[in-house]
Amino acid sequence: MIEFRNICKTFGETTVVRDLNLTIDRGEFCVLIGSSGSGKSTILKMINRLVEHTTGEIRFADAEIRTIAPEVLRRRIGYAIQSVGLFPHWTVEANIATVPRLLGWAPDRIEARIAELLHLLNLDAERFRKSYPHQLSGGQQQRVGVARALAADPDVLLMDEPFGALDPITRDSLQAEMTRIHAETGKTIVFVTHDIDEALRLASRVVILDNGQVVQAASPRDLLNAPANDFVRAFLGKDDYGLKLLSVETVAERMRPAIEAVGEGAVLPEDNLRLALSRMVALKCDRIAVSTMQGARVGTLFLSDVVR
Amino acid sequence: MTMHMRFAAGIVVFGMLLLALPHSAPLFAALFPALDRPLYQQQSFAALVLAHLGLVAAATVLAMVVGIGAGIFVTRRQGQEFRRLIETLSAMGQTFPPVAVLALAVPVIGFGFWPAFIALALYGVLPIVENTVSGLEGVDPAAKEAAEGIGMTPLQRLGQIELPLAAPIILAGVRTSVTINIGTAAIASTVGAVSLGSPIIIGLNGNNTAYIVQGALLVSGLAIVVDMGFNLLAGQLGRWKVR
């Protein structure tokens, strides 16, 4: 879907990205992570030509992006940013409709798409359609921001630290939404963050950057199981490294057939092991019942299997 | 709604003043018994109001085209170098009293409508340029980045995002410009332009206090009504903020 070939980016004397080679496949949830100055935002902005690369080639859907007019390219790529940037003088629906309107969609198609997106982002249409951005909370604004980015059904969604300014609870629920939206729409998402937990939670592939170069690109699980070097290890953290390991594995992978166990606060098969461990500690037990959403018992999880 | 009503009331009161004034000779005769002709009758008051408004409107239109145009230009990448120049010119211009501009225009252009028009337009440009620049500068950078990032062309960004968001501040500049020019247009009668200043100037020359009162009443009334109109317009532009 997106391919960086030998990309360098210099601003005057300073080199921000050096010899980057990276391919992002269709349907991937690719999270770029690094400390500030690592070049992650620059890499993201090169995809929609907000920043032009100095040398090399960036291909998008099999065309070098410089052969596509910036406006045309950007209308095919959703864009959501930390400061949201909703247009304050437009209602929520007008904000969401921006790109479809630019593309000249018929009014009834735009209308239908607005309804669909408000639903997808869990925004009550009755309440929010005619509201202005300043009447919304930060979390609601970012939901509208994501809806606007998705409005014209773009091939790719770029997100630049979209949840960085939100409180932990709101961020948590929006992360859950993103996972769901990615699963439902199958969009290719390129996401920039400096929060490793966010990266591990959302990504199908994490790209760790330092000094404008890729240090390691791997699935969260591979990253945790085989960090490439000390830099990656430091990035993954020391104290709760074990917990991060647990957070990328599910209960279903470690559970045994159902036997007598504490049923209260049962976990779901698709929950991660970190959550299951937390429940066991809270319930002071060494085994816990695994049930489906409908309440059917499907297995038992033992503490010894969690730490295996 | 109250702003609409106040504006409507202002227009009605001003209209009544305009209708009553031609029949007020007995009143002014009583107030100023020493005067032979207590009522200004060289031109009708309605014609003077129209001429005054026409002068101010024509000058303001030119000032807006030039002022907003220059403000847009110096806030674009291509015009950045001219920013300082425009700001310096505008600051310098503000220190000039409008009367001086008027006086300077006469030797260049002569007497009549045109020197008044040029002087008013020139002077009116300054607050409009200043406010256009600060209005456009004040647009939330996040909104600008988003507009660019989702694929608006530079012209679409300007027309749909930047100008509408800067509009209240630009309007405030236009309002200042118009307010100054309604006053200056009265003085423009000294260079031979027909305006509500005509009775005032003639009254001053001929020691006719009644003429001065009549002219001053209408100029101040006009200034108040026009200002109410701007108030109404400002409320309309900022509607999204208070909902």
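No lab work stands behind these numbers, since they all come straight from the coordinates. This is a predicted model, so every value here is computed, not measured. Please note: Cβ atoms are built from the backbone with ideal geometry, for glycine as well, and neighbour counts cover all protein chains shown.
Each of the peptides B:131-139, B:116-124, A:233-241, A:187-195 was scored by the mean count of other Cβ atoms within 10 Å over its residues; in descending order, highest first, they stand as B:116-124, A:187-195, B:131-139, A:233-241.
A simple spin-label model places pseudo-atoms 7 Å from Cα toward Cβ; at B:Val13 and A:Ala176 they are separated by 6.0 nm. Taking the alpha carbon gyration tensor of segment A:1-126, multiplying each eigenvalue by 5 and rooting it gives semi-axes of 32, 17, 14 Å, largest first. The alpha carbons of segment B:32-141 occupy a box of 65, 31, 22 Å along the principal axes, longest dimension given first. At what distance in angstrom do the alpha carbon centres of segment B:28-103 and segment B:152-223 lie from each other? That distance is 5 Å. If R0 is 45 Å, the Cβ-Cβ spacing of A:Val281 and A:Ala125 corresponds to a FRET efficiency of close to 0.60.
Sequence-distant contacts, meaning Cα pairs under 8 Å at least 6 residues apart, place the relative contact order of chain A at 19 percent. For segment A:10-32 versus segment A:70-114, the spacing of their alpha-carbon centroids is 26 Å. Across q = 0.12, 0.16, 0.23 Å⁻¹, segment B:121-243 modelled as identical point scatterers on its alpha-carbon atoms has Debye log10 I(q)/I(0) values of -0.60, -0.84, -1.22, in the order of the q list. Over chain B, the fraction of Cα-Cα pairs per 5 Å bin, rounded to whole percents and listed from the shortest bin up, is 1, 6, 12, 14, 15, 14, 12, 9, 7, 5, 3, 2, 1, 0, 0. Taking square-rooted eigenvalues a ≥ b ≥ c of the alpha carbon gyration tensor, is chain A rounded, prolate or oblate, where a/c under 1.5 means rounded and, failing that, a/b exceeding b/c means prolate? Oblate is the answer for chain A, as a/c is 1.5 or above yet b/c matches or exceeds a/b. Please compute the contact order of segment A:188-293 in relative form: average sequence separation of alpha-carbon pairs under 8 Å and at least six residues apart, divided by the residue count, as a percent. In percent, rounded to a whole number, it is 19. Only Cα pairs under 8 Å and 6+ residues apart enter the sum, and on that basis the relative contact order of segment A:99-168 stands at 36 percent. Compactness of the protein assembly as shown is given as radius of gyration and Dmax, 34.1, 118 Å, from Cα positions. Quick one: of A:Lys40/B:Lys241; A:Lys9/A:Lys187; A:Lys40/B:Lys144; A:Lys40/A:Lys244; A:Lys45/A:Lys244, which pairs are farther than 31 Å apart, Cα to Cα? Exceeds cut-off: A:Lys40/B:Lys241.
With the convex hull of the Cα atoms taken as the outline of segment A:174-273, the averaged projected area works out to 8.3 nm².
Dividing the radius of gyration of the alpha carbons in segment A:126-227 by their Kirkwood radius gives 1.01 for Rg/Rh.
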